[in-house]
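The structure appears right after this line, and notes come after that.
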Amino acid sequence: MFVFGPQFTFRGGPFSVFVRVMGGAARMDQSTTVGSLKFKFDDKAFAAAAGGGLDLRIADRLAIRLIQADYLVTKFNNQDQRNLRVGAGFVIRR
């Protein structure tokens, strides 16, 4: 999945809240072998994501991403796929 778009960050004290909306493309590549036959399917489709998160600053250039969540939508074969992506980690700021 390749998505891009604006992200807006609101900083207050040690916390930063961000929201974003992104659009782009997704690629699916599947293959399977049954006996001596190999079946392959690949496709490209529209993709979108919207979400946000919360960071906690622990130093001038370092923060802990407490939560990040994005709602993902792709459309392969005229069918929508809807998923939730959740993550956490570290953020190194410039």
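Worth pointing out:
- Verdict on Gly23 being out of contact with any helix residue (DSSP H, G or I) (no Cβ under 8 Å at 6 or more places or on another chain), closer than 21 Å to Phe90 by Cα, open to solvent by less than 70 Å² (accessible area, probe 1.4 Å) and free of Cβ contacts under 8 Å to residues at least 60 places away in the same chain: no
- Output for segment 39-69, where each listed residue is of a type in the set (D, E, K, R) and either touching a helix residue (DSSP H, G or I) at 6+ places or on another chain (Cβ under 8 Å) or open to solvent by 50 Å² or more (accessible area, probe 1.4 Å) (or both): Lys40, Asp42, Lys44, Arg57, Asp60, Arg61
- Identity of the residue in segment 70-86, aliphatic (A, V, I, L, M) and free of Cβ contacts under 8 Å to residues at least 40 places away in the same chain, that ends up surrounded by the most Cβ atoms within 10 Å (Cβ to Cβ): Val73
- Tally of residues being touching a Ser or Thr at 6+ places or on another chain (Cβ under 9 Å) and either in contact (Cβ under 8 Å) with a residue 24 or more places away in the chain or open to solvent by 90 Å² or more (accessible area, probe 1.4 Å) (or both) across segment 1-19: 6
- Verdict on Ser36 being of a type in the set (S, T, N, Q), open to solvent by less than 100 Å² (accessible area, probe 1.4 Å) and over 23 Å from Met1 (Cβ atoms): no
- Within segment 23-52, tally of residues that are more than 16 Å from Lys75 (Cβ to Cβ), of a type in the set (Gly, Ala, Ser) and assigned to a strand (DSSP E or B): 3
- Condition broken by Arg94, with the remaining ones in (1) farther than 14 Å from Val3 by Cα; (2) in a strand (DSSP E or B); (3) touching a residue at least 12 places away in the same chain (Cβ under 8 Å); (4) not small (Gly, Ala, Ser) satisfied: (2)
The values are calculated or read from the model by the stated rules, or taken from the named source; none is laboratory data. What you see is a predicted model, and the numbers here were worked out from it, not measured in a lab. Cβ atoms come from the backbone with ideal geometry, glycine included; neighbour counts cover every protein chain shown. Only protein heavy atoms, including side chains, enter the accessible area calculation; ligands, DNA and RNA are left aside. Shrake-Rupley method; radii C 1.70, N 1.55, O 1.52, S 1.80 Å.
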